[in-house]
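Please read the structure below before turning to the comments.
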Amino acid sequence: MQIYVHIPFCKRKCNYCDFCSQTLGVEREYIDALIEEIKIQGQKYGDKVVDTIYFGGGTPSVLQEGMLKAIVNALELNFNLQTIERSIEGNPESLTINKLKEYRACGFDRVSMGVQSLDDNVLIKAGRLHNSKTAIEAINNAMEIFDNVSVDMMIGLPEQTMQSAVDTAQKLVVTGIKHISCYALILEDGTPLSKSVNDGVVKLPNEDDCADTFDEVMKILSSAGFLRYEVSNFAKCGFECRHNLGYWHRSEYLGLGAAAHSLIDNTRFCNVSNVNKYIESINVLQIKNNNFQIIKNELTNDEISFEKIMLGLRMTEGIPKSYFSGFEKQLETYSEYFVTNSNGNIALTKRGYEIMNTILCDFIKE
Amino acid sequence: MKSEFIRNFSIVAHIDHGKSTLADRLIQNTGTVSVRDMEEQLLDNMDIERERGITIKLQTCRMIYNFKGQDYILNLIDTPGHVDFTYEVSRSLAACEGALLIVDATQGVEAQTLTNVYLALDHNLEIVPVINKIDLASADIEGVKKEIEDVIGLDTSEAPLISAKEGIGIDDVFEAIITKLPAPKGNREAPLKALIFDSFYDSYKGAISMIRVVEGTVKVGDHIKMYTHDKVFEVVEVGYFTPKMKPATILEAGEVGYVAASIKNVGDTAVGDTITNADYPAKEPLPGYKKAQPMVYAGVFPSDGARYNDLKEALCKLNLNDASLSFEVESSLALGFGFRCGFLGLLHMEIIEERLEREFDLDLVTTSPSVSYRVTKNNGEVIPVDNPMNLPDPSNIDFIEEPIVKASIYTPPEYVGTIMELCQEKRGIYIDLTYLDKTRVQLIYEMPLNEIIYDFFDALKSKTRGYASLDYEIKGYQRSDLVRLDILINGDACDALSLIVHREKAYARGRRMAEKLKDVIPRQMFEVPIQAAIGGKIIARETVKAMRKDVLAKCYGGDITRKKKLLEKQKEGKKRMRRVGSVEVPSEAFATILKFDSDK
């Protein structure tokens, strides 16, 4: 089993973000509730071997010293941890040397940093708190303490040109990091950015610009030895993120904290996404069981076979041909977008990734 | 009541000159409808009519007015005011002895003022001019009077000067109706002859005929029959409109009212037919009218192919009280099953579309409007073609003729140049220019109907800031260099987008459609060429680039549900797509391009 822990706090919420995150204020209450949940879930799942842990957010690095340790201790006490990977996210402006050392002390062995761009103009327009200088400093600091450092970068940001993204990629590959995630900005309804775009105040790069930019970025990454192992993820050999691969392999995972999702025994469930409601519902849990979970979905066989394809095809390693049993027609229709790997698995071609959703739609059963 | 105390009249006017407002005022002043129940524009009882401020369907209302101690029955038969509905106007006029001609004191004589006057004269009606909106600061009463006398030739010395809105001069209107319009003649002892001038369906009473009794009487229990067929019906109810239906015991010669006779099929009470008494039949029918000829044709398809039967039912229902609408099944490769509909004009088409969408909750895709062309084939055979898909292969065509209209345009003189330019551009041929007075010019052009229904009216309105008015009548057919413009999507012709156009216009039109299509066709998995072609020749090309938008399709690690929902939504959307060959096109894209093409 894998464990995901959600830390839903940020110094400031980015203007494109619609994740469950809020500015600081109730961290202490939240962590109390989180530890309470760890105890409750530990009673249920404490026997399962946990091989990866991932702390995401929000920004886990905004937590005050000591808080992280308390959470990790609770995990150690309540679960059977035999981890091969412990990742934690953080942002350049809060990843101080001390913070990095604390991470290390808590047993984390992988840091993932939200850099997004090394172009100061783009960073300002995206509402990020760091600049290119602090980002590079933070990366260098992380490299001192961790062997396995990952950086997130984005394409499709406001005012981001192809050149700007290419520069960012070029600067990143020489820092010695082992893993790069490259995400395209998705305009989500209800975000400040979506409003600015709809009002015509901000113009985003179009579909072709993004795709062309991504092509260029990929060239740089691959010539620097970063291999694409998933739609958006690139790693030096052996540094693929095991926790994330677990999602695509449909390994069991338990999500802890507000808005965290889980998959256990082919059942998907998730916690309430509002931080205050989460705290409240954990506190009254003694009276009414499990009301911090809002969605519970026992998957049908059809859903499981669809998930295996939808998630599995995200990985360049592909999926066994047997997964396509019952989908022979679709496999035929889209044959030009599939390739058979040397291991016999079926994977999407580079072009296939560009139209992935359109292909996947046809695999949903009526 | 003796027929000498009855007056049957219509009100005719150019659109917006105040016809419906005056009708309201007359109804109100006779106490026919209490103030409490008064709604603006009483006779316009369709939502669309009230919203657009126009009258589409004719309505009638019976009022009682006491003049010098004597009660008079005044039957007002309302008429539509738009050029498309000339046919309906003439139906109303046939049931009257006189007409009030409303002229706006601030606008003067306009295109439809004249059309309607001529229609009224055709029916030998007595016409009383009424000058409306005299309360407005810009009213030019003397100027308008002179214009009516000069242009129409009506004496205006005793014309009532009124403001229907403010209720000024309404009694003068009543006096004019009673003293100037003739009473109906007609022998009440003679065999029944009643003209059906409209009919509609009532779910309880069956088909109801609105009639003008010309001779004889009709009452409950009478056996009646129509002239065009021999079916006999027993009258279950007669009455008149106030404007709601109000039963009466008998309708006599000279009166206007309705007859219900448990007639199941509206087709059995065709407008223009004559009703007579089955036991005591009249020797010959009334003249009736000639059937309205559709001028504009278009394919109407449900956006959701599964709703074909709903559309069919809806058209049948609309057809009951709009006999001028014609339709037959059409099938399109791109749009599936639908109907080729014939309309009186563009407004009529718009109204029908709107009624289908509103009253029957349908989403429609309507193809570009077309006129009816006359194609002479090499073998001498002449066929009418109102659907581009039915145009024979050019090698089999000797020549094609298109309908030509005589267009009368009324405008302030400063727009003459602009209008002439526009008419020229629309292949118009100059016929005449007359200064009606210092502020009004009448321009006459002969012009292909095909150009008028494309975008002429909108262009005219926008180029003259709404000041010019247009009327037209069909003049005949003329040989013309017409071609079919086809649109190819990824090499496959999309039948729903084909058009018949003049060769000279084909290039511009083809280019514009290709450009627009490029914007509305969503990107596909592969690159899609869009071409406009005449015969085998490509005249314009655009390309919809291949989709790449999922380049980095995000998936929030643990949150799989969200991604699944997104894909399910996309799949739903895909299901609603129409297919042109291998290309998926949403119905809305057709609607957008076709709408855009017709109204610029």
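Numbers for the structure displayed
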item	result
Every pair of residues 6+ apart whose Cβ atoms lie under 8 Å, when the first sits in segment A:61-82 and is touching a residue at least 60 places away in the same chain (Cβ under 8 Å) while the second is buried (at least 18 other Cβ atoms within 10 Å of the Cβ) and among the basic types (Lys, Arg)	none
Hits in segment B:363-385 - residues which are at pLDDT below 90 and open to solvent by less than 80 Å² (accessible area, probe 1.4 Å)	B:LEU364, B:VAL365, B:THR366, B:THR367, B:SER368, B:PRO369
Candidate set: segment A:12-49, residues that are part of a strand (DSSP E or B) and under 24 Å from A:MET113 (Cβ atoms); chosen: the one nearest to the other protein chains (Cβ to nearest Cβ)	A:GLN22
Matching option when the condition is in contact (Cβ under 8 Å) with a residue 12 or more places away in the chain and touching a Phe, Trp or Tyr at 6+ places or on another chain (Cβ under 8 Å), among A:GLY107, A:GLY57, A:GLY114	A:GLY57
Cβ-Cβ under 7 Å pairs, at least 6 apart or on other chains, segment A:235-251 side closer than 18 Å to A:PHE55 by Cβ and part of a helix (DSSP H, G or I), far side at pLDDT 95 or above and open to solvent by 40 Å² or more (accessible area, probe 1.4 Å)	A:ARG242/A:ILE84
Matching entry among B:THR418, B:THR439, B:THR464 (being under 21 Å from B:LEU347 (Cα atoms) and either touching a residue at least 12 places away in the same chain (Cβ under 8 Å) or touching a helix residue (DSSP H, G or I) at 6+ places or on another chain (Cβ under 6 Å) (or both))	B:THR464
Test: residue in segment B:328-336 that is under 27 Å from B:PHE197 (Cα atoms), of a type in the set (S, T, N, Q) and surrounded by fewer than 23 Cβ atoms within 10 Å (Cβ to Cβ)	no
Segment B:107-154, residues that are in contact with a helix residue (DSSP H, G or I) (Cβ under 7 Å, 6 or more places away or on another chain) and open to solvent by 40 Å² or more (accessible area, probe 1.4 Å)	B:HIS123, B:GLU126, B:ILE134
Boolean, A:GLN41 is at pLDDT below 95 and open to solvent by less than 10 Å² (accessible area, probe 1.4 Å)	yes
Count of residues meeting criterion [in contact with a helix residue (DSSP H, G or I) (Cβ under 6 Å, 6 or more places away or on another chain) and small (Gly, Ala, Ser)] in segment A:34-71	3
Any chance A:PHE363 is more than 10 Å from chain B (Cβ to nearest Cβ), in contact with a helix residue (DSSP H, G or I) (Cβ under 7 Å, 6 or more places away or on another chain) and open to solvent by less than 40 Å² (accessible area, probe 1.4 Å)	no
Some residue of segment B:542-551 being modelled with pLDDT of 80 or more, within 7 Å of another protein chain (Cβ to nearest Cβ), more than 27 Å from B:PHE301 (Cα to Cα) and outside any loop (DSSP other than H, G, I, E, B)	no
Test: residue in segment A:104-112 that is in contact with a Pro (Cβ under 9 Å, 6 or more places away or on another chain) and either open to solvent by 40 Å² or more (accessible area, probe 1.4 Å) or part of a helix (DSSP H, G or I) (or both)	no
Conditions (1) out of contact with any helix residue (DSSP H, G or I) (no Cβ under 6 Å at 6 or more places or on another chain); (2) under 29 Å from A:MET315 (Cα atoms); (3) surrounded by 15 or more Cβ atoms within 10 Å (Cβ to Cβ); (4) free of Cβ contacts under 8 Å to residues at least 40 places away in the same chain: number failed by A:VAL149	(1)
In segment B:554-590, residue modelled with the highest pLDDT [restricted to those that are open to solvent by less than 30 Å² (accessible area, probe 1.4 Å) and under 33 Å from the mean Cα position of the chain (by Cα)]	B:VAL585
Members of segment A:188-207 found to be touching a Ser or Thr at 6+ places or on another chain (Cβ under 9 Å) and either without any contact (Cβ under 8 Å) to a residue 12 or more places away in the chain or loosely packed, with under 14 Cβ neighbours inside 10 Å (or both), listed by number	A:GLU188
Flag for A:ASN343 being more than 11 Å from chain B (Cβ to nearest Cβ) and either in contact (Cβ under 8 Å) with a residue 24 or more places away in the chain or of a type in the set (Val, Ile, Thr) (or both)	yes
Residues of segment A:192-207 that turn out to be in a loop (DSSP other than H, G, I, E, B) and more than 14 Å from every other protein chain (Cβ to nearest Cβ), as a count	5
Segment A:170-186 - residue that is open to solvent by less than 10 Å² (accessible area, probe 1.4 Å) and more than 14 Å from chain B (Cβ to nearest Cβ) and, of those, nearest to A:VAL201 (Cα to Cα)	A:LEU172
When residues of segment A:328-338 are limited to those that are open to solvent by less than 100 Å² (accessible area, probe 1.4 Å) and touching a Lys or Arg at 6+ places or on another chain (Cβ under 9 Å), the one farthest from A:GLU366 (Cα to Cα)	A:TYR337
Restricting segment A:208-231 to residues that are within 21 Å of B:ARG523 (Cβ to Cβ) and crowded, with 18+ Cβ neighbours inside 10 Å, the residue that is nearest to the other protein chains (Cβ to nearest Cβ)	A:ALA211
Hits in segment A:241-266 - residues which are within 25 Å of A:PHE226 (Cβ to Cβ), crowded, with 22+ Cβ neighbours inside 10 Å and not hydrophobic (A, V, I, L, M, F, W, C)	A:HIS243, A:ASN244, A:GLY246, A:TYR247
Candidate set: segment B:158-168, residues that are within 15 Å of B:LEU101 (Cβ to Cβ) and not aliphatic (A, V, I, L, M); chosen: the one least open to solvent (accessible area, probe 1.4 Å)	B:PRO160
Test: residue in segment A:349-358 that is of a type in the set (Asp, Glu) and open to solvent by less than 40 Å² (accessible area, probe 1.4 Å)	yes
Output for segment B:425-453, where each listed residue is touching a strand residue (DSSP E or B) at 6+ places or on another chain (Cβ under 9 Å) and closer than 19 Å to B:ASP150 by Cβ	B:ASP432, B:LEU433, B:THR434, B:TYR435, B:LEU436, B:ARG440, B:VAL441, B:GLN442, B:LEU443, B:ILE444
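The rows are residues; the columns are (1) in a strand (DSSP E or B); (2) closer than 18 Å to B:ARG479 by Cβ; (3) touching a strand residue (DSSP E or B) at 6+ places or on another chain (Cβ under 8 Å).
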{"site": "B:ILE383", "(1), (2), (3)": "yes, yes, yes"}
{"site": "B:GLU401", "(1), (2), (3)": "yes, yes, yes"}
{"site": "B:LYS406", "(1), (2), (3)": "yes, yes, yes"}
{"site": "B:ILE409", "(1), (2), (3)": "yes, no, yes"}
{"site": "B:GLY417", "(1), (2), (3)": "no, no, no"}
{"site": "B:CYS423", "(1), (2), (3)": "no, no, yes"}
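The values are calculated or read from the model by the stated rules, or taken from the named source; none is laboratory data. Source: prediction; values computed, not measured. Please note: Cβ atoms are built from the backbone with ideal geometry, for glycine as well, and neighbour counts cover all protein chains shown. Just so you know, the surface numbers come from the protein's heavy atoms only, side chains and all, with ligands and any DNA or RNA stripped out. Shrake-Rupley method; radii C 1.70, N 1.55, O 1.52, S 1.80 Å.
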